[in-house]
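Following: one structure in structure tokens, then a few remarks.
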Amino acid sequence: MRLFHVSEEPGIATFEPRKPKRNDLDKERGLVWALEERCLPNFLTPRQCPRVTYHAAERSSRDDIDRFFSSPARHCVAIEHGWFERMRGARVFLYEFDPSNFALQDR
């Protein structure tokens, strides 16, 4: 498994754990947010960019794939039109982590 962090901040040398704000997580334990490769396209936008994402899964029917994908792509990230120019000019940086130091928190 490969784990990543996407940020608009370049050159992060050390990731400092942050306490989560979500009520379903332990707010006393700092976390470093990482995501699996499968979810990576969902986060290749500026942090505040509103988006809807979906992908074709192994169990997706041929009818659904034909209906929702008009190209060979099997992952879609749709953004608000008002974000188009900001998205074009955005710079996001991809960091990869050693997965041995992580535990799955939220599938």
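So the check is Cβ under 6 Å with 6+ separation or different chains; which pairs have a first residue in the range 70-83 that's assigned by TED's automatic domain parsing to the domain that holds Ala57 and a second one that's exposed (fewer than 11 other Cβ atoms within 10 Å of the Cβ)?
Ala78/Val52; Glu80/Pro50
Please report, ordered by residue number, the strands (runs of 3 or more DSSP E) entirely within the chain with at least 1 residues that are at pLDDT 95 or above, exposed (fewer than 13 other Cβ atoms within 10 Å of the Cβ) and touching an Asp or Glu at 6+ places or on another chain (Cβ under 8 Å).
Ranges flagged: 93-97.
The values are calculated or read from the model by the stated rules, or taken from the named source; none is laboratory data. Computed from a predicted model, the values in this text were never measured in an experiment. Methodologically, a virtual Cβ is constructed for each residue, glycine included, from the backbone with ideal geometry; neighbour enumeration extends over all protein chains shown.
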